[in-house]
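Here the structure comes first, spelled out in structure tokens, and everything after it is commentary.
The values are calculated or read from the model by the stated rules, or taken from the named source; none is laboratory data. Owing to the predicted nature of the structure, the values given are computational and were not obtained by experimental measurement. So basically every Cβ, Gly included, is an ideal-geometry build from the backbone, and we count neighbours across all protein chains shown.
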Amino acid sequence: MRSKRLAPLHSLADMHQRNTARRLGTAQETLDRHRERLRELIGYRDDYARRYAQAMRAGLSSSSMRDYGLFLDRLNRAIAQQQGMVEADVRQRDEFERQWREHDTQTRALNKVVERCRTQERREHERREQREMDDRGQRGRTADPD
């Protein structure tokens, strides 16, 4: 039967789709975590910058100003690095999404082919059974001499 011959191919396509969906989910979770970390860093930097501005108005020593500035620079570098990670995560997530869509399209197409095969096989089976029943009915009539 053709549908049985397609079964391994169908299983393989389904497995690829599930694996890609898992990778897509993991990539989305990673992206979400990195975006949250970026928001935290930005919030921390903004809060620190406000405190720095307040301290400047209150009067700071030059060493304290330098320390605030150095720390803000480190925060800005960390934010830039985190933004790079988020951008890379978006690209990876988008690639997994593209792959998932491709596998989904292939799996759906294969599902349709398998279903058509099963429908055709069912019809052929029904026709065979009908012919057998008709043949039995014919033999029964020719065997009865009335």
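Note on the range 1-50: residues that are assigned to a helix (DSSP H, G or I) and farther than 23 Å from residue 82 by Cα amount to 21. Could you say whether any residue in the range 55-68 is of a type in the set (Phe, Trp, Tyr) and either more than 30 Å from residue 28 (Cα to Cα) or free of Cβ contacts under 8 Å to residues at least 60 places away in the same chain (or both)? Scanning the range 55-68, I find at least one residue that is of a type in the set (Phe, Trp, Tyr) and either more than 30 Å from residue 28 (Cα to Cα) or free of Cβ contacts under 8 Å to residues at least 60 places away in the same chain (or both), so the answer is yes. For the range 58-97, filtering for residues that are in a helix (DSSP H, G or I), of a type in the set (S, T, N, Q) and modelled with pLDDT under 95 leaves 3. Quick one: in the range 1-36, of everything that is of a type in the set (Ser, Thr, Tyr) and surrounded by 13 or more Cβ atoms within 10 Å (Cβ to Cβ), which residue is farthest from residue 114 (Cα to Cα)? Restricting to residues being of a type in the set (Ser, Thr, Tyr) and surrounded by 13 or more Cβ atoms within 10 Å (Cβ to Cβ), the top hit is 30.
Among the criteria (1) touching a His at 6+ places or on another chain (Cβ under 6 Å); (2) loosely packed, with under 15 Cβ neighbours inside 10 Å, the one residue 39 does not fulfil is (1).
Among the residues of the range 71-116, write down those that are touching a residue at least 12 places away in the same chain (Cβ under 8 Å), closer than 30 Å to residue 9 by Cα and among the hydrophobic types (A, V, I, L, M, F, W, C). Selection gives 96, 100, 110, 113, 114.
Check 136, 127, 141 and return the single one that is modelled with pLDDT of 90 or more and either outside any loop (DSSP other than H, G, I, E, B) or surrounded by 10 or more Cβ atoms within 10 Å (Cβ to Cβ) (or both). So the residue among 136, 127, 141 that is modelled with pLDDT of 90 or more and either outside any loop (DSSP other than H, G, I, E, B) or surrounded by 10 or more Cβ atoms within 10 Å (Cβ to Cβ) (or both) is 127.
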